[in-house]
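Some notes on the structure that comes next.
The values are calculated or read from the model by the stated rules, or taken from the named source; none is laboratory data. In this text the structure is predicted, and so the values were computed from the model without any measurement. All Cβ positions, even for glycine, are placed from backbone atoms using ideal geometry, and neighbour counts span all protein chains on display.
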Amino acid sequence: MKRYIAPMIALFFLAIPIFTYAATWHMDPSHSSFQFKIRHMTVSNVKGDFGKFQGIVMIDDQNITNLKVEVSIDAASVNTGHAQRDEHLRGPDFFDVAKYPTIAFVSKKVIKTDTNRLKVVGDLTLHGVTREITVDVEGLTPEVKDPGGNFRRGVTATAKINRRDLGLTWNKVLDTGGLVVGDEVSIYVEVELIRK
């Protein structure tokens, strides 16, 4: 038995660097935003955002494709600047926040496409439906130290989804033949990460 102990200890210490490169960063809600844009009545775009969310990002600077992301958004915090429309969005026709209070994203795979660009593939869960989506990420900045002694870095992400794929099918037909609400939703995310 003793002859196996030394090799096992050596393997343990060789494995340590694999785990020590990754650092856990938390999203700073005060300096981050989750915004969306969708077509309205075929003539203009309506923009909105979610005011309450939290998330963590595991970053391995030695191998950025090991990056892991988990995000949780409070669906009831949707805001388009119009109270009546926001109540409609919270109701059964759209997010149905009483039944599905959380929107979640969990990454599964990361592909490096350029020096500072990634494609993050993961599962988006919304309205009780989970679908795989691809998020384009750019600009993961080097870390800087803030006046409070914390480390910070930032990132920009974009994605496009079809709301019908996630069970948001409500619509009305206009007299001209178009629809009140478009199907494609553009998502824009600006995130500031903090590590204490």
**Request:** All but one of (1) in contact (Cβ under 8 Å) with a residue 40 or more places away in the chain; (2) within 16 Å of the chain's Cα centre (by Cα) hold for V137, so report the exception by its number.
**Result:** (1)
**Request:** From D96, D146, D165, grab the single residue that is among the charged types (D, E, K, R) and exposed (fewer than 14 other Cβ atoms within 10 Å of the Cβ).
**Result:** D146
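Being at pLDDT 95 or above and either charged (D, E, K, R) or more than 9 Å from G55 (Cβ to Cβ) (or both) is the filter here, so list the residues in the stretch 68-80 that pass it. Show your work before the answer.
Initial filter on the stretch 68-80 (at pLDDT 95 or above): 68-79.
Scanning the stretch 68-80 gives K68, E70, D74, A75, A76, S77, V78, N79.
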**Message:** Is it the case, given these coordinates, that G91 is closer than 30 Å to V181 by Cα, surrounded by fewer than 15 Cβ atoms within 10 Å (Cβ to Cβ) and in contact with a helix residue (DSSP H, G or I) (Cβ under 6 Å, 6 or more places away or on another chain)?
**Reply:** no
**Cross-chain or 6+ apart pairs with Cβ under 6 Å, the stretch 90-104 first and more than 16 Å from R164 (Cα to Cα) and among the small types (G, A, S), then surrounded by 13 or more Cβ atoms within 10 Å (Cβ to Cβ) and at pLDDT 95 or above** = A104/S72; A104/T125
**Where a residue in the stretch 48-67 is farther than 22 Å from F151 by Cβ and its partner, wherever it lies, is among the hydroxyl-bearing types (S, T, Y), with Cβ under 7 Å and at least six apart** = G48/T80; D49/S33; F50/S77; G51/S77; K52/S77
**Item:** Considering residues of the stretch 119-141 that are out of contact with any Ser or Thr (no Cβ under 8 Å at 6 or more places or on another chain) and within 15 Å of L67 (Cα to Cα) only, the residue modelled with the highest pLDDT
**Value:** T134
